[in-house]
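Worksheet: one structure, shown below.
The values are calculated or read from the model by the stated rules, or taken from the named source; none is laboratory data. If you're wondering where the values come from, they're calculated on a predicted model, not measured in any experiment. Glycine also receives a Cβ, built like all others from the backbone with ideal geometry; neighbour counts cover every protein chain displayed.
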């Protein structure tokens, strides 16, 4: 892979599902990339398409009823065009997933150690003794005390935070180059959440992984992200460096997400209104029905093209396009030129499920 080539490059990703009510488009022409050693956060309300986008990368979505289109280049190879036998060698090995609910992701009929060694032996030709030794080492590295004695314990004997550590250990069995983490701190208390985030940061440095992190929690985003991709109703609204977006959010949707945070003077509540029906999305900007700045031009045609409003920061909004007036959406206290500062904390922008 060339030094200047992204580790992961997703172009025009579209994922649809056939339902009794017609075709549901969960992800609609999305682009993003992840470089080696960086963390890219995909953020948005529940139902924005975040989880479906990341699960489409390695085709872990059932097809049918799902249908995935576009290009997903990993180290220069298009994953979507690979036969299942080749993709299986990459999935779970070079690209690992951490799912959002370890309680549901683990099999409670088998010991934790057995489940880790099974994952190891799927991807590596090692003996039972070698697999056990490496599984204990992984459990120890993710911070499970007395790992050797806990090897034969069952999932119900672990706390929520410990279960998440086990899931991280299972994700690391193949020494992955890309880790896709889907809401890995959901339902954990603030202290345990902070521990898991520190663990992931340490492991990213140790393994030199790229990380694609899905979250609804902007406090987490501020803590870990290098770049942010803001999704809404299957589309990308804004993307850019974490500091640029927190200091100078360009899209009205991003502004609304940040205004939900107490650190921005908000109440911690949600955004008025609901996401559009994915079976029948509105014309124009997907956010227009909930946007206080929406004009007639926002409600016609396709989703506006992304316009670069600052180096590396792009916004999908007609007010930044030809003939537009950016000052309309650059409200006081949020627009470029205002040193609002970055955000930290534990505030959420919406429900945890995607």
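Some values worked out for this structure:
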quantity: Residue pairs meeting the criteria (Cβ under 6 Å; at least 6 apart or on separate chains; first over 14 Å from residue 252 (Cα atoms), in segment 309-326; second part of a strand (DSSP E or B)); calculated: 312/240; 312/241; 313/240; 321/307
quantity: Residue satisfying condition, being surrounded by 21 or more Cβ atoms within 10 Å (Cβ to Cβ) and closer than 20 Å to residue 233 by Cα, within set 290, 286; calculated: 286
quantity: From the options 37, 22, 29, residue that is farther than 24 Å from residue 210 by Cα and more than 11 Å from the chain's Cα centre (by Cα); calculated: 22
quantity: Options 276, 281, 272, 304; residue that is in contact (Cβ under 8 Å) with a residue 60 or more places away in the chain and assigned to a loop (DSSP other than H, G, I, E, B); calculated: 281
quantity: Candidates 181, 169 - the one that is within 25 Å of the chain's Cα centre (by Cα), without any contact (Cβ under 8 Å) to a residue 60 or more places away in the chain, under 28 Å from residue 51 (Cβ atoms) and buried (at least 20 other Cβ atoms within 10 Å of the Cβ); calculated: 169
quantity: Extreme residue, surrounded by the fewest Cβ atoms within 10 Å (Cβ to Cβ), among residues of segment 99-137 that are modelled with pLDDT under 90 and out of contact with any helix residue (DSSP H, G or I) (no Cβ under 7 Å at 6 or more places or on another chain); calculated: 125
